[in-house]
Amino acid sequence: MTTIQLEHIKKQYPNGFTAIHDLSLEIQDQEFLVLVGPSGCGKTTLLRLIAGLEEASSGLLKMDGRVMNNVEARDRDIAMVFQNYALYPHLTVFQNMAFSLRMRRVRKSLIREQVEDAAEILGLENLLDRKPGELSGGQRQRVAMGRAIVRHPKVFLMDEPLSNLDAKLRVEMREEISRLYRKLKTTFIYVTHDQIEAMTLGTRVVVMDHGDIRQSGAPQELYEKPANVFVAGFIGKPEMNFMPLEASLAASSAAAYTGRKIILGVRPEHIHITPATSRTEQTEQVEQAEQVPLMRGHIKLKEMLGDDELIYVGNDEQKCVVLTPSREDLLPGENVRLSTERANIHFFDEQTGEALACRSF
Ligand code: ATP
């Protein structure tokens with residue numbers, strides 16, 4: 001059982017820069033918590049604070065209710081895997097994995113047992129005598145994870161562990177980490193700026209920006225109900241489209257929002273695109289009943305993504321990206337209309353950026 005509580009944590013570096021302002025977060029036992037956010041938002045700082053590699057300027061860090069601020073990193077029962085896995089080049093895989101146990105003067109027979117167990121979990125049994133130089137990138141990353149596993153830590157911290165791997169290996173290793181998590185049944189805290197990793201691995205995702213938490217929730221929740229423009233734009237690829245609320249829609253808006261400027265957000269995968277011409281009266285009627293018109297414009301660019309394509313539509317005032325199964329009937333330059341279902345529209349207060357709960361505009 002390990003829960004971690006961060007209470008009003010602030011981190012100011014010696015040069016005066018405040019990387020974390022006032023952050024509170026509770027991480028439950030056996031959660032796979034993913035920290036995402038743009039470069040420099042404080043993800044690594046937060047991870048290093050939890051590991052004990054940085055000291056908080058103020059606030060409390062607790063593990064299972066016990067204040068840990070002054071507990072040394074090596075006494076925290078936490079293992080950290082970094083993006084550059086820094087294996088010792090002159091040691092074998094076995095020796096690399098055994099290193100921390102040897103430093104703790106663990107019995108030799110127990111070391112062998114622990115290393116062999118970890119090697120089995122990670123499929124490294126046949127590579128134990130090799131040196132890091134004789135391994136592939138994925139195998140090296142696995143050794144780095146093996147080094148963490150042998151210690152049976154209460155918490156695993158991983159800082160972009162896959163960012164040095166090529167695309168194919170990343171997918172394989174992502175599955176491997178997922179499997180490892182299910183097998184080890186312990187708490188994982190994982191930093192990435194790769195959304196797919198965040199959404200597929202995390203049981204909970206925390207979106208950070210400028211040293212603050214902007215939203216925390218299950219991956220699907222962040223996608224379906226982003227709490228603000230920042231999260232709406234950060235989660236989902238390609239990014240959500242934002243546009244000022246159409247006058248026609250605003251006319252029927254709830255009284256509570258009169259006088260407030262509203263931004264409308266629609267994900268590219270939720271937009272229907274139809275030629276502005278070639279419309280029968282019947283389809284128009286159906287569309288009007290179920291769809292909300294978004295804009296008219298012409299196709300500026302098309303990008304093929306295999307079976308799908310991205311269509312960039314623009315007019316003098318705004319532009320919009322549409323993700324759709326390939327539409328060979330639509331060509332660049334063509335005039336089109338964009339629409340979507342009401343349920344797929346997100347509304348945000350332009351001033352605060354916060355999501356507006358009302359969906360009945
Ligand atoms: P990335 O995704 O690029 O790794 P990150 O979200 O992990 O970024 P951090 O490494 O936590 O970001 O850095 C947060 C902020 O703190 C950055 O603006 C960074 O420049 C600053 N920072 C980090 N370490 C120090 C330090 N030792 N002294 C001063 N400022 C620092």
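The values are calculated or read from the model by the stated rules, or taken from the named source; none is laboratory data. Treat the numbers as computed from the prediction; the structure is a model and nothing was measured. Counting neighbours? That spans all protein chains shown, and the Cβs are built from the backbone with ideal geometry, glycine included. SASA here: full protein model, heavy atoms, side chains in, ligands and nucleic acids out. Shrake-Rupley method; radii C 1.70, N 1.55, O 1.52, S 1.80 Å.
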Please build a GNM for the chain, connecting alpha carbons under 10 Å apart, and tell me which residue among Arg170, Arg102, Arg267 fluctuates the most.
-> Arg102
Rank Pro293, Gln220, Ser39 by how far each Cα sits towards the positive end of the charge dipole of the chain (+1 on Lys, Arg Cβ; -1 on Asp, Glu Cβ) and give me just the farthest.
-> Ser39
Which value in nm describes the separation of the simple spin-label points at Arg260 and His8, placed 7 Å from the Cα toward the beta carbon?
-> 2.9
If you take every DSSP beta bridge whose two residues both sit in segment 143-228, what share of them, in percent to the nearest 5, is antiparallel?
-> 50
Work out how much length Asn70 to Leu110 would gain on full extension: take 0.36 nm times their residue separation and subtract the Cα-Cα distance, in nm to one decimal.
-> 11.4 nm
For segment 178-217, list residues with backbone N below 16 Å from a point placed 7 Å from the Cα of Ser100 toward its Cβ?
-> 181, 184-191
The chain: relative contact order in percent, alpha carbon pairs under 8 Å with at least 6 residues between = 16
Comparing Ala73, Ala343, Ala56, which has the greatest mean-square fluctuation in the GNM of the chain with Cα pairs linked when under 10 Å apart?
-> Ala343
Heavy-atom accessible area of the chain with neighbours in place, 1.4 angstrom probe: carbon+sulfur share in percent works out to 49
Could you tally the net charge around Glu269, taking each other residue with its Cβ under 11 Å from the Cβ of Glu269, Lys/Arg +1 and Asp/Glu -1?
-> +1
Order these peptides, 138-148, 183-193, by their mean beta-carbon neighbour count within 10 angstrom, highest first.
-> 138-148, 183-193
Mean separation of Cα contacts under 8 Å (6+ apart) over length of segment 301-361, as relative contact order % | 20
Which percentage, to the nearest 5, of the DSSP beta bridges contained in segment 102-259 is antiparallel?
-> 50
What is the calculated FRET efficiency for Gln220 to Asn15, with r their C-beta to C-beta distance and R₀ = 35 Å, to the nearest 0.05?
-> 0.30
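Heavy-atom accessible area per residue, segment 140-215, 1.4 Å probe: how many Å²?
Working: 2960 Å² over 76 residues.
Result: 39 Å² of accessible area for each residue.
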Mean Cβ-within-10 Å packing, highest first, puts peptides 109-118, 224-233 in the order 224-233, 109-118
Just the number, please: percent antiparallel of the DSSP beta bridges in the chain, rounded to the nearest 5.
-> 75
Could you pull out every one of the lysines with an alpha carbon less than 23 Å from that of Lys131, ignoring same-chain neighbours closer than 8 positions?
-> Lys108
Pick from Gln351, Gln195, Gln83: which residue has the top mean-square fluctuation in a GNM of the chain where Cα pairs under 10 Å get a spring?
-> Gln351
In straight Cα distance, which lysines are under 30 Å from Lys237, not counting same-chain residues fewer than 8 positions off?
-> Lys43, Lys168, Lys225, Lys261, Lys300, Lys302, Lys319
By average C-beta atoms within 10 angstrom, highest first, the peptides 150-158, 13-21 | 150-158, 13-21
Between segment 161-202 and segment 76-133, how many Å separate their Cα centres?
-> 20
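What is the local net charge at Met80, summed over the other residues whose Cβ is closer than 11 Å to its Cβ (Lys, Arg +1; Asp, Glu -1)?
Overall, the nearby charge balance is +3.
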Between Ala86 and Leu305, what FRET efficiency follows from the Cβ-Cβ distance if R0 is 41 Å, with the result rounded to 0.05?
-> 0.70
